[in-house]
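Here's the structure we're looking at; comments come further down.
The values are calculated or read from the model by the stated rules, or taken from the named source; none is laboratory data. The structure displayed is predicted, hence computed values, not measured ones. Glycine gets a Cβ as well: all are built from the backbone with ideal geometry, and neighbour counts include every protein chain shown.
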Amino acid sequence: MSHKFKTYNQQQNWLFPPSIEELIPQDHPVRIVNGIIEHLDLKPLIKAYSKDGQPSYHPKMMLKVMVYAYMDNTYSSRKIEKAMRENINFMWLSNRQVADHNTIARFRSTKLKGAFKDIFRQVVLLLAEEGLVALKEVYTDGTKIESAAGRYTFVWGNAIKTRKEKMVQQLEEMWEYAQSIADDEDKDPTPPDFKKVGKEKVEQTARKINKILKGNDKATAKAKAKARYIKKNFAANLEKYGQQEKLLAGRNSYSKTDPDATFMRMKDDHMQNGQLKPGYNVQISSEDQFIVNYTVHQQTNDLHTLRPHLENYQYLYQSLPESLTADAGYGSQENYELLSNKGINAYVKFNTFDWEQNKTGKKKKKNASTFHRDQLHYNEKEDYYVCPMGQRMDKIFEGKKTAKSGYKQTYSKYRAKNCKGCPIRGACFKGKNERVVERNHILEHYKKKAREYLLSVIGQAKLKKRTADVEPVFAHVKHNRNFKRFTHRGLDKVELEFGLHALAHNIRKKSA
């Protein structure tokens, strides 16, 4: 008996060839992309095109292809071009038009740049119309994503500061040496001020030093060589350090191959061991695992990202959420005050909240809590603390601190009496003198209010939901879709790249 197979003939022609439309299932995600973008107002995107020259590919088609590419985990412009030639879903979206990879790259980096925030906003508002989000309760968190920059191309702010200090020290030493061997007519009774060293001052000082040493028999060959080196290199080095400090813009580091990227500690391996790599701090606000707001920052700490993040939210929707839930990384006086002034209910932990609730389970911390400042009795009416031995700790100082953001805080210090010979001194504190504790009255007020919010029934429910709302979004984007490193460089391009991931995430979730 012969084997039975279905007919296979590659040369057979179709009498009525099927359309691409018929080959795509009705419930396929590509149809969701097509339907959503058909409802968008693309006037801001169209404005990015010139009316002169050859006709361009339609921005609506390019946007559909770009969004679906990110949903399909296809990020390379060359791979997107290949998909437009070979993938039936891309062929359907583009009506079988094929844009080359340069056109795709220009669309993403140039045309889409100014209009993307508006496109993202429109999609979120469409989700709100369908009842998938309400834009009232948001959950905020951040993650660090590596830059496309080289991992060993770092410039450190502290290193620049050290080099400049050494330069000043060498200038001072050479100036003093030159003056010690100078003839009377070459001596300068008023030495230059090296506290503020500029390029002109360095050049002027180097010329004076070389002039003194050049024809002086007392000057050693080593000193003359050093003076020549200073004259040749110090002014140029100082100018280079100035340019580097300008690129740093208050940061501690940047990458030479992506100056906008800051070196941050990334949790990479299965043991969550941190490694310093150039990257960006990505902040999102989510609702029911939909991303409703995103921003990208150069700061390594989440503390100073909340204000610009909320400003972006207000820019998108012309309003603010009713409540915001976040972890202890955002718990500062500045952020509590910001949320309070904007009328947002802040379900935001402070750094010792979990420790207060004994959720750490570490004996060392539990034993230490007896002597922690927060466990000491504070008399609010008469403004003093009571130490563990019952002695009064009076206020000795009141001062102000300024955060990196420029925000000013007022704090007070309280000192104990007769700590010498105290039987529990070793457990209470390790200092040599009397114990001093610090208190920020305004911050304590906000912490008390935050504690009430967080320990309420609603607060406990929000804390539980936060871990199941915003954190899985990062897990999906970084691990399920393997987006752990940006492919573009520069803050603007990186923000647009993550925005495409955020938009693709929302549409994929809607179609799920």
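Considering segment 1-32, and only residues there that are surrounded by fewer than 10 Cβ atoms within 10 Å (Cβ to Cβ) and not in a loop (DSSP other than H, G, I, E, B), the residue that is farthest from the chain's Cα centre (by Cα) turns out to be E22. Number of residues in segment 124-167 that are in a helix (DSSP H, G or I) and under 29 Å from D260 (Cα atoms): the value is 12.
Taking (1) under 39 Å from the mean Cα position of the chain (by Cα); (2) modelled with pLDDT of 85 or more; (3) not small (G, A, S) in turn, K365 satisfies each apart from (2).
Being under 29 Å from T300 (Cβ atoms) and surrounded by 12 or more Cβ atoms within 10 Å (Cβ to Cβ): is that true of Y330 here? Here the answer is yes, as Y330 does meet what is asked. Annotation: Q244 fulfils all but one of (1) modelled with pLDDT under 90; (2) in contact with a strand residue (DSSP E or B) (Cβ under 6 Å, 6 or more places away or on another chain); (3) more than 30 Å from A475 (Cα to Cα); the unmet one is (1). Among all positions in segment 431-445, there is no residue which is surrounded by fewer than 19 Cβ atoms within 10 Å (Cβ to Cβ), touching a Ser or Thr at 6+ places or on another chain (Cβ under 6 Å) and part of a helix (DSSP H, G or I).
Taking the condition under 23 Å from the mean Cα position of the chain (by Cα) and of a type outside the set (A, V, I, L, M), does Y177 pass? For Y177, the condition - under 23 Å from the mean Cα position of the chain (by Cα) and of a type outside the set (A, V, I, L, M) - is not met.
Matching residues to (1) outside the structural domain of V494 (by TED's automatic domain parsing); (2) touching a Phe, Trp or Tyr at 6+ places or on another chain (Cβ under 9 Å):
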| site | (1), (2) |
| --- | --- |
| G242 | yes, no |
| Q283 | no, yes |
| Y294 | no, yes |
| Q299 | no, no |
| T305 | no, yes |
| N312 | no, yes |
| Y317 | no, no |
| L320 | no, yes |
| A326 | no, yes |
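How about segment 460-508: which of its residues are of a type outside the set (D, E, K, R), surrounded by fewer than 19 Cβ atoms within 10 Å (Cβ to Cβ), in contact with an Asp or Glu (Cβ under 8 Å, 6 or more places away or on another chain) and outside any loop (DSSP other than H, G, I, E, B)? F474, L491, listed by residue number. For segment 474-496, the set of residues classified as touching a residue at least 24 places away in the same chain (Cβ under 8 Å), over 17 Å from P259 (Cβ atoms) and not aliphatic (A, V, I, L, M) consists of F474, H476, K478, R481, N482, F483, K484, R485, T487, listed by residue number. Where helices (runs of 4 or more DSSP H) fall wholly inside segment 35-115, the ranges with 2 or more residues that are loosely packed, with under 13 Cβ neighbours inside 10 Å are 77-86.
When the criteria are applied in full, E173 meets the requirement of being at pLDDT below 90 and charged (D, E, K, R). When the criteria are applied in full, R121 meets the requirement of being in contact with a Leu (Cβ under 6 Å, 6 or more places away or on another chain) and at negative phi.
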